[in-house]
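Read the figures in this text as sums done on the coordinates, not as results from a lab. Being a predicted model, the structure only gives us computed values, none of them experimental. So basically every Cβ, Gly included, is an ideal-geometry build from the backbone, and we count neighbours across all protein chains shown.
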């Protein structure tokens with residue numbers, strides 16, 4: 001999933017940061033290969049990371065909702081037996 005953005009209308013801010021030389025070299029190579037600015041690659045990576053993080057969180061929440069919405073037909077006695085079993089003695 002690629003993040004949609006319109007950076008032409010957004011103001012730019014110059015920042016200074018320190019990165020591993022190997023990462024900078026990889027950024028330069030990729031920027032040249034793709035005909036993009038390094039800042040554009042970084043923006044894309046941040047936006048993609050944010051959207052994937054949001055999607056993953058939403059998927060986890062949906063899975064939890066589905067799991068906890070199921071009623072388990074286990075009697076109290078069976079539940080107690082299960083909980084008292086020692087897993088490592090199996």
task = Residues being assigned to a helix (DSSP H, G or I) and either exposed (fewer than 11 other Cβ atoms within 10 Å of the Cβ) or touching a helix residue (DSSP H, G or I) at 6+ places or on another chain (Cβ under 6 Å) (or both): count how many of those fall in segment 81-90.
result = 6
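If I filter segment 35-76 down to residues being in a loop (DSSP other than H, G, I, E, B) and touching a helix residue (DSSP H, G or I) at 6+ places or on another chain (Cβ under 9 Å), which single residue comes out as surrounded by the fewest Cβ atoms within 10 Å (Cβ to Cβ)?
So in segment 35-76, the residues in a loop (DSSP other than H, G, I, E, B) come out as 35-37, 69-75.
Checking the rest, the ones that are also touching a helix residue (DSSP H, G or I) at 6+ places or on another chain (Cβ under 9 Å) come to 36-37, 72, 74.
Working: 36: 14, 37: 11, 72: 6, 74: 11.
Here the answer is 72.
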